[in-house]
Amino acid sequence: QVQVVESGGGLVQPGGSLRLSCVASGSIFSTYVMGWYRQTPGKQRELVAAITRRGITNYADSVKGRFTISRDNAKNTVYLQMNSLKPEDTAVYYCNRFPYSDSYWGQGTQVTVSS
């Protein structure tokens with residue numbers, strides 16, 4: 001059974017940094033492009049960043065230059081380094097394959113950017 005576990009969220013002041021981690025079990029990590037998504041109340045979940053197995057990355061315009069996605073294939077782990085955080089980055093962050101599968105959503109990790 002595929003399991004996805006996100007961690008690393010928290011409360012941070014504007015301009016601060018956080019590093020999110022996602023461990024994925026099963027075949028999902030070794031087979032697919034992996035992505036970080038985020039969702040705020042009343043809005044659709046949006047793709048923030050994605051990374052191929054070989055490390056090619058893509059970012060939403062809103063986070064380019066501030067966020068960095070990376071992956072450790074040996075650990076089945078994908079990371080999201082978030083710098084220069086803004087209040088509008090506040091959301092629940094999830095990882096999933098890209099394109100996503102409804103079978104692979106984890107519990108997410110809350111990121112709150114506030115002074």
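The values are calculated or read from the model by the stated rules, or taken from the named source; none is laboratory data. Computed from a prediction, not measured in an experiment: that's the story for all the values here. Counting neighbours? That spans all protein chains shown, and the Cβs are built from the backbone with ideal geometry, glycine included. Just so you know, the surface numbers come from the protein's heavy atoms only, side chains and all, with ligands and any DNA or RNA stripped out. Shrake-Rupley method; radii C 1.70, N 1.55, O 1.52, S 1.80 Å.
Distance between the pseudo-spin-label points of S70 and Y100 (7 Å out from Cα toward the beta carbon): 2.5 nm.
Per residue, the accessible area of the chain comes to 54 Å² when a 1.4 Å probe rolls over the protein heavy atoms. Ignoring the sites themselves, the chain has its longest run without trypsin sites (Lys or Arg not before Pro) in a DSSP loop having at most 11 other Cβ atoms within 10 Å at 65-115. For the chain, relative contact order (Cα pairs under 8 Å, six or more residues apart, normalised by length) works out to 37 percent.
Only helical runs count toward this figure. For the chain, summing -39,500 (n - 2.57) over DSSP H runs of n ≥ 4 and dividing by all residues gives -500 deg cm²/dmol at 222 nm. Extension gain for the segment E46 to S25, taken as residue separation times 0.36 nm less the Cα-Cα distance, is 5.3 nm to one decimal.
Here the chain exposes an accessible surface that is 46 percent carbon and sulfur, computed with a 1.4 Å probe and the other protein chains kept in place.
Listed by chain and number, the lysines placed with their C-alpha closer than 22 angstrom to that of K64 are K43, K86; residues fewer than eight positions away on the same chain are left out. Taking the Cα centre of the chain as reference, the dipole from Cβ charges on Lys and Arg (+1) and Asp and Glu (-1) amounts to some 240 debye.
Cα-based radius of gyration for the chain, normalised by 2.2 N^0.38 Å, reads 0.98.
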